[in-house]
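Notes follow the structure.
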């Protein structure tokens, strides 16, 4: 008996020791940044692209054109935690996609001219940051000469801030660094800290992690533990220490934008800060607004010069007057009534409960009271409002929370964080000139599989969009306790909900609203790093929803013939005149060009590109119309946005023409209004099919189905700012 007891005790000790060792991540694989393919794209291929574009510009009547170079400034590899989770077999992933994959994809699959890496700073341990830097240097080294490379790769990261209220939420921003040498880059990325009020003590003990690793050993559990252990093993840098005096092996944080800008100024290096996903309600609290960021400290116009209007997470351009929630002077939330173009999710919560209540045989009076209670419970729960409806499914919510008359809108839209709202804001402080945002517009992908520029073809929904996020509902990091449908709502208490991180968010329904990514187009004087950076700095850029539309938008002096391109700012007393020229993107041929097949093996071409690359024909899609948007920024505090945002102000039809669309317009009201005005244009392509274009219809559709629907792809120019001068 003693031997049995001793033997059992030994087994328990050995078992506990095994779980502890597994929980330390000792047996997991440590992911690396990888090595890009060492094969330059033939110079003849790059020259043909430029030659074709020059011919198109001449055809459209553009004299002395700069090169239009296409890129993606929002790319994640599996060094980002969410991307790593998506890569695991337990969430249906196909394995790691490191930084080097992004380099190869940009060059051979999507045929981009430039891109940046933007992994979440919080996940970039000193080792991962060092390897990222090495991979980016290698990508540039294999891309040919510095003056005429086949691709330019920029170093960067994402500052990922998530607030719990409209007052403390600032959102996500990508930081792009111009150079790659040690003397001109920060020693470490700057993080916004842990999201959603999370704390380091949320990390389970080693035996618990070991059990997780053991249960999911064949599904990547061991690698997940190794990944998490490395991330939490790095201490947070001390506060109040100059950036150059901080230890090398710590995570640097800036909890608000003013601190981020201060740290970037302390470093003194050339950087760009690009806000993105501003209307994406997946994590943005209801009632959020960009008003609080228009201050001298929360905004740095020398760095924050561009804003992302569109990505694979949806469109953030358009302002709407409806509200997702009504806040009183004390910040108390109430549910607004629906309008024709918007059904508030809080209102829908009340209708779900009302219907269940009626089916349970309760009186109309009782069901009305429960509907009112459900609406209030929803708004009190914020971004976790869906959890106040027991047993809810994605289908229950219909199209609530969505902007019904917006182009491919971001999920659970927040209109007072839209780009149009930002551009209409003014902050008055007694000085002659009010404070305003003057952003150039771009688009990118926000891809989490190291695939920059996914919008080159509309296919492979699983790989080319983030629809895989729906798999999070099956992971331990996002699990929500199952509940049965009930005829009444329940208040939400995070501490008692039993939901784990992503489970607090509306992950299931969100997964059907992801799109293939957009692109940024830069009017550059050359293909090199400096020329592209200069175009970004002067805002001579535009965004597209994925296709390579060519767009020129100029202010024209009819007397002298002088032109000012998109992104310019000018003072005028007389009515300005503008000229737009646009050509549609090329229709795509199946398969991949010969140079891609020669550089990558058949297996790698299939895994990385899905066997399909950017492969243009000679036929362009027609541009059907040009839409002009006019915004007259606030001239008085609290001036109504509805009165000063004209969208569209003009719609100019385009006749079918191989030379593209050419239109000219003026603003006869400019002299009468006598106020500063900005103008930008949208070039609209003929309808074509796109992945997940009707998010509601794609709910529950298998990922193997591309869920194609008809859309009008488009390009957004950067604005031209015309200040009135008497």
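So the values come out like this:
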{"item": "Test result for residue 84, under 21 Å from the mean Cα position of the chain (by Cα), at pLDDT below 95 and more than 28 Å from residue 548 (Cβ to Cβ)", "result": "yes"}
{"item": "Residue 695 being in the same structural domain as residue 628 (by TED's automatic domain parsing), modelled with pLDDT under 95 and buried (at least 20 other Cβ atoms within 10 Å of the Cβ)", "result": "yes"}
{"item": "The range 421-443: number of residues that are assigned to a loop (DSSP other than H, G, I, E, B) and either crowded, with 23+ Cβ neighbours inside 10 Å or within 17 Å of the chain's Cα centre (by Cα) (or both)", "result": "1"}
{"item": "Residue, farthest from residue 550 (Cα to Cα), within the range 598-615, restricted to residues that are outside any helix (DSSP H, G or I) and touching a residue at least 60 places away in the same chain (Cβ under 8 Å)", "result": "600"}
{"item": "Single residue of the range 328-359 satisfying the filter (farther than 14 Å from residue 378 by Cα and at pLDDT below 95) that is nearest to the chain's Cα centre (by Cα)", "result": "331"}
{"item": "Residue count for the range 674-692, restricted to those that are closer than 21 Å to residue 623 by Cα and either surrounded by fewer than 21 Cβ atoms within 10 Å (Cβ to Cβ) or in contact with a helix residue (DSSP H, G or I) (Cβ under 9 Å, 6 or more places away or on another chain) (or both)", "result": "7"}
{"item": "Residue list for the range 88-104, restricted to those being at pLDDT 90 or above and closer than 21 Å to residue 122 by Cβ", "result": "96, 97, 98, 99, 102"}
{"item": "Count of the range 45-63 residues which are part of a loop (DSSP other than H, G, I, E, B) and touching a helix residue (DSSP H, G or I) at 6+ places or on another chain (Cβ under 9 Å)", "result": "2"}
{"item": "Any hit, the range 403-420, residues being closer than 29 Å to residue 299 by Cα, modelled with pLDDT under 95, in contact with a helix residue (DSSP H, G or I) (Cβ under 9 Å, 6 or more places away or on another chain) and buried (at least 17 other Cβ atoms within 10 Å of the Cβ)", "result": "no"}
{"item": "Which listed residue, of 262, 245, 270, is closer than 24 Å to residue 125 by Cα and exposed (fewer than 14 other Cβ atoms within 10 Å of the Cβ)", "result": "245"}
{"item": "Strands (runs of 3 or more DSSP E) fully within the range 622-726 counting 1 or more residues that are closer than 23 Å to residue 422 by Cα and within 29 Å of the chain's Cα centre (by Cα)", "result": "623-631, 645-653, 677-685, 714-717, 720-724"}
{"item": "Residue in the range 577-597 that is nearest to residue 63 (Cα to Cα), counting only those that are touching a strand residue (DSSP E or B) at 6+ places or on another chain (Cβ under 7 Å) and free of Cβ contacts under 8 Å to residues at least 60 places away in the same chain", "result": "586"}
{"item": "In the range 269-315, the residues that are in contact with a helix residue (DSSP H, G or I) (Cβ under 6 Å, 6 or more places away or on another chain), within 28 Å of residue 456 (Cβ to Cβ) and in a loop (DSSP other than H, G, I, E, B)", "result": "278, 279, 282"}
{"item": "Options 135, 121; residue that is buried (at least 22 other Cβ atoms within 10 Å of the Cβ) and under 20 Å from the mean Cα position of the chain (by Cα)", "result": "121"}
{"item": "Among (1) modelled with pLDDT of 95 or more; (2) surrounded by fewer than 24 Cβ atoms within 10 Å (Cβ to Cβ) - the single one residue 147 does not satisfy", "result": "(1)"}
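The values are calculated or read from the model by the stated rules, or taken from the named source; none is laboratory data. Since we're looking at a predicted model, the values are computed, not measured. Every residue, glycine among them, receives a Cβ derived from its backbone with ideal geometry; neighbour counts consider all protein chains shown.
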